[in-house]
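Notes to accompany the following structure.
The values are calculated or read from the model by the stated rules, or taken from the named source; none is laboratory data. Please read all numbers here as calculations on a predicted model, not as lab measurements. All Cβ positions, glycine included, derive from the backbone under ideal geometry; neighbour counts span all protein chains shown. Keep in mind that these areas ignore ligands, DNA and RNA; they rest on the heavy atoms of the full protein, side chains included. Shrake-Rupley method; radii C 1.70, N 1.55, O 1.52, S 1.80 Å.
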Amino acid sequence: MTMHKAKSKSILAGLIASAAAICYGAPLHAQDWSYAEAAKPYAGTTIRVLDEITPLQETMRKLVPEFTEETGIKVEYELLSHGDVINRGQADLFSGRGNYDAIMLHGLQLGPLLAAKVLQPIDELKKDQALTNPDLGLDDLIEPANESLVNHSGAQYGFLTWNYNQIYWARADLLNHPDEQAAFETRYGYPLAPAETMQQMRDIAEFFTRKSGETLAGETLSNDFYGIVLEGIPGGTTFTTVWEVFMNNWGGGVFDADGKPNLDTPENIAALQFWADLWKFAPPGQAEYSLIDVPTVMGNGIAAQSIAFSDFVLGVDRPGGGAYAGKFVYGGIPVNAENPDARSAGGEPSLMALSSHSENQEATYLFMQWMVDEDTQAKLMEAGGGGVPIRRSSFDLDVMREAGRQSLYKAMAASLQYVKAKPKTPSFFEIDNTMGPLVQQVGIGQLTAAEALKDGQRKVLSICSDCLLAE
Amino acid sequence: MRPLESRWYPYALLAPAFLVLVVVSLVPFLFAMYLSFHQINFGRVGDFAGWSNYSRLMDNERTWNSLWVATKFILIAFPLQFILGLGGALLLNKRVWGRSVILPLLFIPTMMAPIVVGLVWKVMFAGSWGLLSYNIVERFGFLEGTSVFSSPDYALLALALVDVWQWTPFMMLAFFAGLQALPVSPYRAAAVDGATPMQMFFRLTLPLMAPLMVVIGMLRFIDAFKVFDTIYTLTAGGPGTSTEVPSLLAYRMSFEQWRIGESAAFAVLVWIGFFVLCSLFYHVAKKKLNAF
């Protein structure tokens, strides 16, 4: 080998090595990053995390020890009911006690908490390469829920961890029954199928509302049967469902573009009237049904269809979940045929937010990050036999492709295309407490839609005239 | 001088109880009063606000609605509990058969946490799926529809009856204990004088029981005004605001809306209202019924 050839070879080898280093440099760095390595300075730290108790979080609780094992960070993962996680979490944040390092927050809580400046933005932590997983893949998170939830005024306040969404839910055994299909088509002039429009949902509700002694799917009814069941209690999510599922689909809403209350518009009146008309086909106890009672009624086989939160559906429609498990069909929130462009779906995307009073912010940030990590989410779906995804890629997991649940997951995906977090208003709870009883009174026929919304507009205006937090 | 003869001795004996009372009652009340005159921004005490919390409270129609709801609730529940409790106690006092079994059973509703009572009645009477509403009310058509708690006409009445179910046994047991403790000699003397049972009841039993009745009645009256858990569980204040009592409204103001100043003002006003009512009640009971 000549000197020239040897020199050329060594240059070539150097170039190849350099190219390899350039090409593989970034992935090598990503492969090097691990929760164990990032958590070394915080090993032995104990963090306290407050979350809501539903089957989803109970599954997450089973995974939390894996984080502790990997990082040495001990996590006290406390689960409380919906109301308690809101009340206790807010009390901890507002009071500045800092008992919890991270708290699960529903989107509706963000207005008051951001106004009180008790949440710690995570932007600085995200920039810290030692702390942040370069493969976190946040662009995989489902939108528009994520963007509308976690960001405010140019800062990020935590990670989307739960993606509560509402779906359309119906009894497949009834909708597929040949006698019912024939009778429905004769009466309404189109085939009986899961409702794709609000108007179809209303027809199905009317069609299946039957008295005791009448026939349903070839059987004589021993009790009254109802065409639809919805949440109707004055608290809970009754008003927000009216808002997101009905008013928005009619082209209305609670606020105008400037954040001023805008309740008594023709669109809102029409939407509320439509919602209230559905009560004619609902069980007489609907006024006392919360978001938890609705799945109970569906699970007891008393109603033909509903709009419900999909995480509760998971509890009812599972083997052993009840007499009607496996007999349901799902869909996205039906569109208003009269205004198909105004698509909207109800939901409550929720985040894990860092308390500004936390003394363990780095360790807590690692845990928050781990919760949304693709691996953790995959394990969560696996351990729960499915779930409600926060990542688009979760829909591709084997466990989510299980044949029996396809209808449900397609419905979730269809709904989640339109689920946004609530607008950030410091007066959210006051507005909700004002409007909840009013819309319920329309449902039970004590007020007309126009009367309730006129009164609501007056009352909400007395709460705030410029209701949204400034960006 | 022996300690017993000291003029400070009774005060020394009363001091621990007085201290506890000050810590657990007076201090929170004074703090609530302080909060009611301040602007509270998400739990943080701000500037002095004068009467603004009070005036906002007075302007809120839900304040007056809740007071009216509580009044109706008490007017239904309290007389029923009182009459049924006294009647039951008089019956038990007659050495009825099975009294030793009935007495412990009577404790069950009273011992149950109100939230559990709410859940029990929810499971029994929830419209369409409750155990009784689904299987009995709906099947046999006792009511139009099946829901009691979601009807604007029946909800408050039903809630009052739940309260009667829970607290009548307590009244019964308290009155029974009072009856058992009555002295026998006046009754013997009345029997010798040929008094009828009605005369004995109105001339002896009622006057002798008056102090107990006033105390128990006052306690139950105040307690009925404060009802929260069962209503929260069963109707959440609905339909509309037809069952929204002051405690439920105050809870919402404090823990959902964080209007701490207004809810503190509400608490102060309710406290003053009760103070005035109880003082009047006490003086009337003392003068007219010779109860104290």
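Some notes on this structure:
- Size of charge dipole - the range A:317-471 - debye, nearest 20, with Cβ of Lys, Arg +1 and Asp, Glu -1, no other charges: 500
- Globularity index of chain B, i.e. its alpha-carbon radius of gyration over 2.2 N^0.38 Å: 1.23
- For B:Met198, solvent-accessible area (1.4 Å; no DNA, RNA or ligand), Å²: 120
- P(r) weight above 20 Å for the range A:247-395, C-alpha pairs, percent: 66
- Surface burial for B against A, with a 1.4 Å probe and both sides summed, reaches about 2900 Å² of accessible area.
- Take each residue of peptide A:286-292, count the partner chain Cβ atoms within 10 Å of its Cβ, and average: the result is 6.
- Rolling a 1.4 Å probe over the protein heavy atoms leaves B:Ile74 with an accessible area of roughly 10 Å².
- For the range A:212-226, heavy-atom accessible area (probe 1.4 Å) falls by no less than 40 Å² from the chain alone to the full protein assembly at A:Asn223.
- Surface composition of the range A:402-445: carbon and sulfur atoms hold 49% of the protein heavy-atom accessible area at a 1.4 Å probe.
- Furthest towards positive pole of dipole, A:Ala193, A:Asn151, A:Trp169, structure part the range A:93-232, Cβ charges: A:Asn151
- Cβ charges +1 (Lys, Arg) and -1 (Asp, Glu), total dipole of the protein assembly as shown, debye: 3000
- Where both bridge residues fall in the protein assembly as shown, DSSP classifies roughly 70% of the beta bridges as antiparallel.
- For the range A:387-471, the relative contact order works out to 28 percent when only alpha carbon pairs closer than 8 Å and six or more residues apart are counted.
- Descending semi-axes in whole angstrom, ellipsoid equivalent of chain A, from the Cα gyration tensor: 45, 28, 21
- Rolling a 1.4 Å probe across the protein heavy atoms gives the range A:91-226 an accessible surface of 38 Å² per residue.
- Surface composition of the range A:34-182: carbon plus sulfur atoms hold 49% of the accessible area, using a 1.4 angstrom probe and ignoring ligands, DNA and RNA.
- A:Lys40 accessible area, assembled protein chains, probe 1.4 Å, Å²: 130
- The range A:206-288: projected area of the alpha-carbon convex hull, averaged over directions, in nm²: 6.4
- Cα-projected label distance for A:Asp375 with A:Arg97, points at 7 Å along beta-carbon direction, nm: 3.5
- When only alpha carbons are used to place a centre, the range A:33-76 and the range B:48-71 end up 46 Å from one another.
- In a reduced charge model with +1 at each Lys and Arg Cβ and -1 at each Asp and Glu Cβ, chain B shows a dipole moment near 980 debye about its Cα centre.
- Cα shape, the range B:1-144, gyration tensor, a/c 1.5 rule: oblate
- R0 of 56 Å, Cβ-Cβ distance A:Asp466-B:Trp8: FRET efficiency to nearest 0.05: 0.35
- Value of relative contact order over chain B, rounded to a whole percent, pairs C-alpha under 8 Å and six or more apart: 28
- Residues of the range B:208-251 buried by at least 30 Å² of accessible area upon assembly of all protein chains, compared with the chain on its own (1.4 Å probe): B:Ala236, B:Pro239, B:Gly240.
- Stretchable slack from A:Arg210 to A:Asp341, in nm (0.36 nm times residue separation minus alpha-carbon distance): 43.8 nm
- Prolate is the label for the range B:1-64. Its Cα gyration tensor axes, ordered a ≥ b ≥ c, give a/c of at least 1.5 and a/b above b/c.
- Point-to-point label distance, A:Leu221-A:Gln406, nm (Cα→Cβ direction, 7 Å offset): 3.2
- Förster radius 30 Å - calculated FRET efficiency between A:Leu138 and A:Ala257 (Cβ-Cβ, nearest 0.05): 0.60
- Distance (nanometres) between label positions extended 7 Å along Cα→Cβ at A:Arg318 and B:Phe275: 5.4
- The spacing between the range A:88-102 and the range B:113-175, judged by their C-alpha centroids, is 37 Å.
- At a probe radius of 1.4 angstrom, the accessible area of the range B:215-292 per residue rounds to 42 square angstrom.
- Note on B:Ser25 and B:Val45: the extension gain reaches 5.1 nm, defined as 0.36 nm multiplied by sequence separation minus the Cα-Cα distance.
- Pairs of Cα atoms nearer than 8 Å and 6+ residues apart set the relative contact order; for the range A:288-419 it is 26 percent.
- Note on chain B: with neighbouring protein chains present and a 1.4 Å probe, carbon and sulfur make up 72 percent of its accessible heavy-atom surface.
- Between the range A:223-296 and the range A:177-199, the alpha-carbon center distance in angstrom: 24
- Global geometry of the range A:57-163, whether rounded, prolate or oblate, following the gyration tensor of its Cα atoms and the 1.5 cut on a/c: rounded
- Those residues of the range A:81-101 for which accessible area with every protein chain present is at least 50 Å² below the isolated value (1.4 Å probe): A:Asn87, A:Phe94
- Where Rh is the Kirkwood radius over Cα pairs, Rg/Rh for the range A:332-471: 1.07
- Given charges at Cβ of Lys, Arg, Asp, Glu: chain B dipole, positive-most of B:Trp129, B:Phe175, B:Pro152: B:Phe175
- Given their separation in residues at 0.36 nm each and the Cα-Cα distance between them, B:Ala189 and B:Ile136 gain 13.8 nm when the chain is fully extended.
- Among B:Val192, B:Val27, B:Val117, the residue with the largest mean-square fluctuation in a Gaussian network model of chain B, with springs joining Cα atoms closer than 10 Å, is B:Val192.
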